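Undergrad: The structure under discussion is supplied below as structure tokens; questions concerning it will follow.
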Amino acid sequence: MTRDDLKKFRALDLDFSAIGLEWGGEFVPYFCTPVGAEEVGSIGCDGIQFVLLPDDEKVYCVDPAMGDVGTYVLPVAGNFREFLSFLLCCHDANPLSQIYFLTEERFQTFAVDEAEAREGGDLEELFDAKDAALAKIAEAFDIAPVEPYEKVKALQAAFDPSVLQFSDEYYDTLGIERE
């Protein structure tokens, strides 16, 4: 289901960059991108990518800039539709990439910051593209926004990173022995 949903998502006529899910062209994995990862999208900053892993329905965030051993790759949704419902709530993928290191209070400020930016009126074109993309996603998948913080925190708390498979580059970059 998740991969079928990803294909459907990619076929939508929308501005993916407006919602922090740029994709297209050649997928460029980072040293900490698990072997066999399939790109969902990238926020376009600091190498942060959202990926699917082989034989897994979860959506993962790969964060080479802020991560560490055990946190470079963390789940952010149980499946692709859940990920999209979180995206609808946050209006952008970026907040989902930061849940693991934010308090809930700080996470909630993303919505406040966006509301203030909308009121400022300087980014009207971006917000129009964002709103159009989110509306198309909600309609295409018949989903509603879902608050992600507690669900993502629970997924991440239960996650065992030892199940991830990394390339030799991962171990070489970090100077650690392959397990």
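Undergrad: Please state, to two decimals, what the Cα-based radius of gyration of the stretch 2-158 comes to when divided by 2.2 N^0.38 Å (N = residues).
TA: Computed over Cα atoms of the stretch 2-158, the ratio equals 0.99.
Undergrad: Quick check: the angle from helix 80-90's long axis to the longest principal axis of the chain, C-alpha only, nearest 10 degrees?
TA: Orientation of helix 80-90: about 50 degrees from the principal axis.
Undergrad: Taking the chain, how many lysine pairs are there with alpha carbons less than 19 Å apart, if each pair must be eight or more places apart or span two chains? Don't skip to the end; give the middle numbers.
TA: Numbers: Lys7/Lys58; Lys7/Lys136; Lys8/Lys58; Lys8/Lys130; Lys8/Lys136; Lys58/Lys151; Lys58/Lys153.
Number of lysine pairs found: 7.
Undergrad: Right, another one. Going by average Cβ density within 10 Å per residue, which order do the peptides 43-53, 131-141, 108-118 take, highest to lowest? The partial results should precede the final answer.
TA: Values: 43-53: 20.1, 131-141: 16.1, 108-118: 13.0.
Going from most to least packed, we get 43-53, 131-141, 108-118.
Undergrad: Relative contact order (percent) for the chain, with alpha-carbon contacts under 8 angstrom and 6 or more residues of separation?
TA: Contact order relative to length: 25 percent.
Undergrad: Right, next: If you rank Tyr171, Tyr60, Tyr100 by fewest surrounding Cβ atoms within 10 Å, what's the result?
TA: Final ranking by Cβ density, sparse to dense: Tyr171, Tyr100, Tyr60.
Undergrad: For Asp13 and Gln98, what is the calculated FRET efficiency with R₀ set at 45 Å and r taken between the beta-carbons, to the nearest 0.05? Walk me through the numbers on the way to the answer.
TA: Values: r = 29 Å, r/R0 = 0.64.
So, using R0 = 45 Å, E works out to roughly 0.95.
Undergrad: Would you work out which of Ala132, Tyr60, Leu87 lies farthest towards the positive end of the dipole of the stretch 1-149, given +1 charges on the beta-carbon of Lys and Arg and -1 on that of Asp and Glu, about the Cα centre?
TA: Tyr60
Undergrad: Still on this model: Give me the one-decimal nm value for the distance between modelled label points at Glu38 and Asp113, 7 Å along each residue's Cα-to-Cβ direction.
TA: According to this spin-label approximation, the distance is 3.2 nm.
Undergrad: Okay, next question. For Ala77, list long-range residues whose amide hydrogen, built 1.01 Å from N in the peptide plane, is under 5 Å from its own amide hydrogen.
TA: Val59
Undergrad: Measure nothing but the geometry: give the 0 to 90° angle between the long axis through the Cα atoms of 149-158 and the longest principal axis through the Cα atoms of the chain, rounded to 10°.
TA: Taking Cα atoms only, the helix is inclined about 10 degrees.
Undergrad: Here is a follow-up. Quick one: dipole size for the stretch 2-158, taken about the Cα centre, charges +1 on Lys/Arg Cβ and -1 on Asp/Glu Cβ, in debye to the nearest 20.
TA: That gives a dipole near 540 debye.
Computed from the coordinates by the stated procedures, all read-outs in this text should not be read as laboratory data. Since we're looking at a predicted model, the values are computed, not measured. We place every Cβ from the backbone using ideal geometry, glycine too, and count neighbours over all the protein chains shown.
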